[in-house]
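Down below is the structure, laid out as structure tokens.
The values are calculated or read from the model by the stated rules, or taken from the named source; none is laboratory data. These numbers were taken from a predicted model, which means no experiment stands behind them. Here the Cβ is made from the backbone with ideal geometry for all residues, glycine too, and neighbour counts use every protein chain on show. In case anyone asks, the SASA skips ligands and DNA or RNA and just uses the protein heavy atoms, side chains included. Shrake-Rupley method; radii C 1.70, N 1.55, O 1.52, S 1.80 Å.
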Amino acid sequence: TTTTTTTTTSTTTTTSTTTTTSTTTTTSTTTTVYGLPETAPCNATTALDLILVLDSSGSLGAEGWQHVLQFASGLTDYAGVGASDTHVGVVTFASGATVDIALDDFTDSDLLAQAILALPHKASGTNLNGALKSAVNKLILLADNGRRFGVPASVVVVTDGNPTSDATDGINLLQANADYITVVGVGSSVDISVLGDIAGTEGVVQTVTDTFGLRTYETVSSVLESSVCNVTAPSTTVTTTTTMTTTTTTPTTTTSTMTSTATTTTSAMPCLWANQSITLRHKLTDSNLHGIYALQLTHDGRYLFMGGAPHHITMWAMDGSSPQKVATMVGHTDFVYALTITQDSTVLFSSAVDGTVRAWDITQMPPTQLYTLNCDGTKVYGLALGFGDTLLFTSSSSSNIQVWDLASTSPSLRFTLTDHGQDVRSLAISHDNHWLFSSTTHGSQSFQVWDLHQTPPTVVAASNKHQYDVPILVLSDDNTRLFSASSSKVFAWAIAAGMPTHLGTSAASANNIYALAVSHAGTHVVSGNMGGFIDIWDVTGSTPGNILSVDADTTSSAGVLAVALSQDDRFLYTSTADSTVMIWQMCD
């Protein structure tokens, strides 16, 4: 942690002329606080999301609050605000915390400055914990408030007092999710150790003796340097030594063994999967699990959750050069079958063969269980969130789909949908919350389409194209295509007004398919089969075409039970029945 102290004294004459002397640990300069030079002391070198967390407690006073706002306005004026450059979000806090400006509210610096200067003074306590949680959960992790994937998040915290409650949870959450942290402490009563805790080992701490010191050129330029000018574009350095067997399916089958050692640095940019090859980056083995049936990433890719047998969920941190297990979540009494996560990556839902769904607060470390939903089947297979995470859909061995209302303080059952004749295995909801797709083990009506705008939801279409069970369904991000797996084949469907039209069926994979994922770009589908192979299918045409088959684990014949893709399609995660997760780099 780097700490800079600024001492400021103010003298006011009867003619209201004020002179401020500002001294830092390295310089001694006299600077007026009533205006900053037009030229920025340094410039941003990359696009970034800048988040200001501003203390609006009563101890500042009305005048002090105006100084905080003038500091924030001056900082953002220098930050290079623009549609493709710096975006700014603002959280203010006292006894409560609010997101006053979302990251996509302004791309014009003048309009942003006006909005900042108009923020009201809250004048109450110092809920630092709530403020840091709001900054992470509602800005850093929530794309709905303008967060841009692949753009670094830089957080500036300004506070004049000590938190009124323990802020450990908020601090840990901030350090796990912010790329850059700068903390500015105001006044002599601020606890330096708390500032250091917020900043962490890689952050920057600066102090000023009073709010006048916030408005000096020295303070603004120093904070600008650490929070904006020193921010660099994210990159991923990959060092791999890999032995991989690749099988390419053509009229004749060719098998090649490739050994490679490579160090690659890649910028955050869309992954087009232009190369018909993948590289094994990490192999993770979890001793708590005897088979991994479900994988779920947080939306920013920082954490991976694994669920399986006998009844555990484990949480892994993906930051750094080597993934690390950070928590084991125990609550289910039988193996975990499915996982899903809220849009803001704060709550994880898990379903299991014990007939329950459990909700976990994953902002806590370790995550804590919030509540349990007792479903009507002995095995709960599918999970899907909809309507802004206010409704949870569950499917089970009871042949029913249950719809749970999560909006109330005590989640409750809202509907039970009963038109399926057999186990309901998989669920997918269109992003406009109009259509629910469900699959079953009953081949004659292997998946159904429900109209969610009707009360209760009713079946409006059904497919009898599959001959065998349909264990999984996935929707493309643009809601125009649905992909299903049955036996060893992948089926592609066009979706218009909820109605599925069969486009084509792939050639057979080597074994029955048990896992399926569609790339966020919508160009490829990844499947995992019980023979331990990953198949990658080109779905830019009507019929899925196999472009690559890879042995997911050359040391055993364990089947692939789950697959997941990072938000940028750059990394593929696969799990097997022998408790192994492989992380593959899909492109440079």
Cβ-Cβ under 8 Å, sequence separation 6+ or interchain: first residue in the stretch 517-543 and under 9 Å from Ser476 (Cβ atoms), partner of a type in the set (Lys, Arg). Which pairs? Val518/Arg481; Gly522/Arg481; Val539/Arg481
Gly89 passes all but one of (1) touching a Gly at 6+ places or on another chain (Cβ under 8 Å); (2) without any contact (Cβ under 8 Å) to a residue 60 or more places away in the chain; (3) assigned to a helix (DSSP H, G or I); which number fails? (3)
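Evaluate the following for Leu392: is it outside any loop (DSSP other than H, G, I, E, B), open to solvent by 10 Å² or more (accessible area, probe 1.4 Å) and modelled with pLDDT of 90 or more?
Judged against the criteria, Leu392 is not a match.
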Has the stretch 534-553 got any residue that is under 19 Å from Val581 (Cβ atoms), of a type outside the set (Ser, Thr, Tyr), modelled with pLDDT under 80 and part of a loop (DSSP other than H, G, I, E, B)? yes
Can you name the residue in the stretch 286-303 that is modelled with pLDDT of 85 or more and polar (S, T, N, Q) and, of all such residues, is most open to solvent (accessible area, probe 1.4 Å)? Gln296
Given (1) buried (at least 20 other Cβ atoms within 10 Å of the Cβ); (2) touching a strand residue (DSSP E or B) at 6+ places or on another chain (Cβ under 6 Å); (3) outside any strand (DSSP E or B), number of the condition Thr363 does not satisfy: (2)
Report every pair of residues separated by at least 6 positions or lying on different chains whose Cβ atoms are under 6 Å apart, first residue within the stretch 353-371 and closer than 17 Å to Gln296 by Cα and free of Cβ contacts under 8 Å to residues at least 24 places away in the same chain, second hydrophobic (A, V, I, L, M, F, W, C) and surrounded by fewer than 18 Cβ atoms within 10 Å (Cβ to Cβ). Asp361/Leu370
Can you pull out every residue in the stretch 366-389 that is in contact with a Lys or Arg (Cβ under 7 Å, 6 or more places away or on another chain) and either among the hydrophobic types (A, V, I, L, M, F, W, C) or crowded, with 19+ Cβ neighbours inside 10 Å (or both)? Tyr381, Gly382
List the strands (runs of 3 or more DSSP E) inside the stretch 475-521, counting only whole elements, that have at least 3 residues being of a type in the set (A, V, I, L, M, F, W, C) and either under 22 Å from the mean Cα position of the chain (by Cα) or surrounded by fewer than 22 Cβ atoms within 10 Å (Cβ to Cβ) (or both). 489-496, 513-518
Is there any pair with a first residue in the stretch 70-81 that is under 18 Å from Thr232 (Cα atoms) and a second that is open to solvent by 10 Å² or more (accessible area, probe 1.4 Å) whose Cβ atoms are under 6 Å apart and which are 6 or more apart or on different chains, and what are they? Tyr78/Ala40; Gly80/Ala44; Val81/Ser109
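Can you confirm whether Ala562 is open to solvent by 50 Å² or more (accessible area, probe 1.4 Å), touching a residue at least 12 places away in the same chain (Cβ under 8 Å) and closer than 27 Å to His299 by Cα? Step through it out loud before you land on a result.
Details: open to solvent by 50 Å² or more (accessible area, probe 1.4 Å): no; touching a residue at least 12 places away in the same chain (Cβ under 8 Å): yes; closer than 27 Å to His299 by Cα: yes.
No, not satisfied.
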Which one is most open to solvent (accessible area, probe 1.4 Å), of the residues in the stretch 399-438 that are touching a Lys or Arg at 6+ places or on another chain (Cβ under 9 Å) and hydrophobic (A, V, I, L, M, F, W, C)? Trp404
Scan the stretch 374-387 and tell me whether some residue there is touching a strand residue (DSSP E or B) at 6+ places or on another chain (Cβ under 7 Å), of a type in the set (D, E, K, R) and not in a strand (DSSP E or B). yes
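So that you can scan it fast, the table gives a plain yes or no per residue for (1) closer than 30 Å to Asp179 by Cα; (2) buried (at least 18 other Cβ atoms within 10 Å of the Cβ); (3) touching a residue at least 40 places away in the same chain (Cβ under 8 Å):
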position: Phe305; (1), (2), (3): yes, yes, yes
position: His311; (1), (2), (3): no, yes, yes
position: Met315; (1), (2), (3): yes, yes, yes
position: Ser322; (1), (2), (3): yes, no, yes
position: Thr333; (1), (2), (3): no, no, no
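How do the helices (runs of 4 or more DSSP H) wholly within the stretch 95-178 filter down when requiring 3 or more residues that are at pLDDT below 95 and within 20 Å of Ser345 (Cβ to Cβ): which remain? Outline the logic, then answer.
On the way: elements: 109-117, 128-135, 168-177.
It comes to 128-135, 168-177.
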